[in-house]
Number of protein chains: 2
Amino acid sequence: MADFEAINGCNRIANAYFGFKLKDWESMYTRKIDEDLDCGIRVALKIFGGKWKLCIIDAINKGIVRPVEIHKNIPDSSLRVIEIQLAELLFFGVVDKCSEDVYPKKSEYELTALGKSLLPILAQIDSWGMAHSEFVKERLLELEEEV
Amino acid sequence: MADFEAINGCNRIANAYFGFKLKDWESMYTRKIDEDLDCGIRVALKIFGGKWKLCIIDAINKGIVRPVEIHKNIPDSSLRVIEIQLAELLFFGVVDKCSEDVYPKKSEYELTALGKSLLPILAQIDSWGMAHSEFVKERLLELEEEV
DNA sequence: CCAATAACCGAAAAAAGATTCGGTATGTCG
DNA sequence: CGACATACCGAATCTTTTTTCGGTTATTGG
């Protein structure tokens, strides 16, 4: 349970962290458990499969640790989704929240050991993407020209 | 253009490969190009970010090369989405279609060099997921108990 | 005190993604 | 030929994810 205690209120967890109502929980939950989780890929994607999660982890790793700053660093995202995905990452122990009572008192996030264990994957994905970004752009361009 | 020729008909490409109509194309396309693609992570996710794409690549790599077989190998998916995501992977050059005129004449997919370059990432994600699957399950269980 | 900023949150709407369903075409095998 | 399997495809529907919007609370700096 441990740091789970920090998050009190199941409504909040279910709703804020997963975006559904408690009445929906059972069906969603059981479905998720039954469906998935024999395949490493799907477990992994459940943790960092969100649209912005890897970008958030990347930002925190680069020292951008506060929600507003992370959001500014990822201009296409909405602040709300940063908050939500940060909360999910927090719930799954990928990040920790450490709002110290120092000046200026603002909440900061840091990577846990689990979060850090994702960094090699992150780096690999990022470098693959960088290596192929021109190719991907060209492919999309070709498609546009055809249309 | 090359193997792009193999895919004839822009309607088909836009609709089957991306699931929207041609009239929507311009806005979607320009948005996509403008938004993304400076960040390796997002380029990469554009290529293999679909729900089942990594599983499909994994299946092909394991020698499960025909759509129906891939679908059977991923029972939670629908055959349709396998077809669509296979077509997208084909379009982005991650897989190749090689329906040889041999008996039995059925379409088969194989990984291209680009597809194979994803295998290390795939392996890393999968092993990370396997290593943490118990933790993830427990986390979900805790949540269930709270509710 | 007051304006500004940050951290959140809930709800509704929009967008994206996946599924279901009903087709066509083609080939195989008995 | 006729039953069956495969490869596809389009459209409608449903689900999930993300965004937008309108708040509350708390802190900071003038």
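The numbers here are math on the coordinates, done by the rules we state, and not lab data. Please read these numbers as outputs of a predicted model, since none were measured by experiment. Heads up, the Cβs are rebuilt from the backbone with ideal geometry, glycines too, and the neighbour counts pull from every protein chain shown.
A few remarks follow.
- Calculated FRET efficiency for the pair A:Arg80/B:Leu119, C-beta based, R₀ 25 Å, to 0.05: 0.10
- A:Asp58 sits among other residues whose Cβ lies under 11 Å from its own Cβ, and their net charge, with Lys and Arg +1 and Asp and Glu -1, is +2.
- Footprinting exposure proxy ranking of B:Glu69, A:Glu134, fewest other C-beta atoms within 10 angstrom first, gives A:Glu134, B:Glu69.
- Near B:Gln85: Cβ cut-off under 11 Å, other residues only, Lys/Arg at +1 and Asp/Glu at -1. The net charge is +1.
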